[in-house]
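Each remark here refers to the structure printed beneath this line.
The values are calculated or read from the model by the stated rules, or taken from the named source; none is laboratory data. Here the structure is a predicted model, which is why all the values come from computation and not from measurement. For neighbour counting, all protein chains shown are included, and Cβ atoms are generated from backbone atoms with ideal geometry for every residue, glycine included.
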Amino acid sequence: MNSEDKIRLFGFSHSALERELDRVEESLKIDLGRPEENERDEDYYPQFDQALRKEAAVMGEHYELFYCLEKSIRKLVAETLEAQHGETWWDTQVPDAIRQNAKINIQREIDSGVTLRSEEEIDFTTFGELGEMVRNSWESFDPLFSSQKAFTKIMTNLNMLRGPIAHCCPLADDEVLRLKLTVKDWFRLME
């Protein structure tokens, strides 16, 4: 068997194994933690420089981490305020300036003719405004967080780290480390 045949056989074996693992995951309703195949736009994606695509893949990991963190913080804020203050928490517990800014952001999306990002007003607030909402209703969050000063420091650090991630700038190695440490700090804050 020549090298080309060996490579072809390896490819077929790999494809068969992937299909079998897909079948197992589907039939048992489990996730084996296998990486999902990226469906790239084959018309445009290959036109970008390889180094840029590699950088994007690295930054994608940081984006995913921050996405999960920010979505979980938004959920925590909304659920905590609703549990403490009822369904009208948005109107009674959120500072007027934040509610007005969210209203402007909602109208901007309506006027743009795009699909609204969410039906929840909290999703139209900035990350910094989330911190303000917690500090404004600290008594509701006091049992969740070990320190208001620590909360403010961690949220400020996260907001600074969010900038390059959200605006397509690569994170320096030190900032990658800072991101991981700050996320670790966030979870320690809730112990």
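Couple of notes before you dig in:
Yes/no per residue for (1) at pLDDT 85 or above; (2) basic (K, R); (3) in the same structural domain as V176 (by TED's automatic domain parsing):
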position: I7; (1), (2), (3): no, no, no
position: A16; (1), (2), (3): no, no, no
position: R19; (1), (2), (3): no, yes, no
position: L52; (1), (2), (3): yes, no, yes
position: V58; (1), (2), (3): yes, no, yes
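- Residue list for the range 134-155, restricted to those being loosely packed, with under 13 Cβ neighbours inside 10 Å and outside any loop (DSSP other than H, G, I, E, B): W138, E139, K149
- Within the range 156-185, the residues that satisfy the criterion of being surrounded by 14 or more Cβ atoms within 10 Å (Cβ to Cβ) and either out of contact with any Pro (no Cβ under 9 Å at 6 or more places or on another chain) or of a type in the set (G, A, S) (or both) are N157, L158, N159, L161, R162, I165, V176, R178, L179, T182, V183, D185.
- Test: I122 is under 20 Å from T80 (Cβ atoms) and touching an Asp or Glu at 6+ places or on another chain (Cβ under 6 Å): no
- Tally of residues being touching a Lys or Arg at 6+ places or on another chain (Cβ under 9 Å) and free of Cβ contacts under 8 Å to residues at least 40 places away in the same chain across the range 129-153: 4
- Flag for E64 being surrounded by fewer than 17 Cβ atoms within 10 Å (Cβ to Cβ), out of contact with any Cys (no Cβ under 8 Å at 6 or more places or on another chain), under 27 Å from D185 (Cβ atoms) and not β-branched (V, I, T): yes
- Total residues in the range 65-90, condition farther than 19 Å from G128 by Cα and either in contact with a Lys or Arg (Cβ under 7 Å, 6 or more places away or on another chain) or part of a helix (DSSP H, G or I) (or both): 4
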